[in-house]
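Values in this text are rule-based calculations from the coordinates and carry no lab data. Note that the coordinates shown come from a computational prediction; the quantities given were computed from them, not determined experimentally. Every residue, glycine as well, gets a Cβ built from its backbone with ideal geometry; the counts of neighbours run over all protein chains shown.
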Amino acid sequence: MAGYGTPSSALGTHDAGPATIGIAAASWHTEIMDALLDGARRAAADAGCTVTEVRVPGSFELPVAAQALARTCDVVVALGVVIRGETPHFEYISGATTEGLARVALDESTPVGNGVLTVNTREQAVDRSGVEGASEDAGYAAAEAAIRTFRALAPLSDMR
Ligand code: RBF
């Protein structure tokens, strides 16, 4: 269940960790969020990570939650759903969320997976949510990206 071009090797555990993952999750579009959360938790379990979860109201609040998690966890994944047709200021929320998450990753030197779905319709969000029959598993993929980035960077910190 992966998008075109998605890395396909098994995640599995790894000597280089990470040991802990923080999951920041928004609350809008509950059923789709439940599927994203399920995916992120599966990735954490596959990688052998201990999970800390923080629930915030909307995607706009994800960066500050990700920042708090980045100060205590090895990696962070942020999950949210923003649907253009249902969100009058879609561009502002999507842009602020994405830019905020990127900033947290750099400011805190911590891999942050972006699992915020910014889509045109609810159907598109469901199709990326990882529910049965969906073409993508975005919660899993975002957590996996953060975990793989941590592993990729681990040898660099050993070199200092
Ligand atoms: N947050 C989301 O995570 N997804 C949404 O689709 C979404 N739509 C919103 C639509 C409106 C009209 C408003 C006012 C807020 C929306 N939010 C949404 C919440 C937003 O991320 C944030 O929590 C609030 O703006 C409070 O800071």
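Stretching the chain fully between L156 and E53 yields a gain of 34.3 nm (0.36 nm per residue, less the alpha carbon separation). You can think of it this way: the chain between S109 and T30 has 25.4 nm of extra reach, that is 0.36 nm per residue less the Cα-Cα gap.
Under the combined filter of DSSP loop state and at most 15 neighbouring Cβ atoms within 10 Å, region 63-160 retains these GluC sites (Glu not before Pro): E132. Calculated FRET efficiency, H14 to E91, Cβ-Cβ distance, R0 = 30 Å: about 0.20 to the nearest 0.05. Each Cα pair under 8 Å and six or more residues apart adds its separation to the average, and for the chain the resulting relative contact order is 29 percent.
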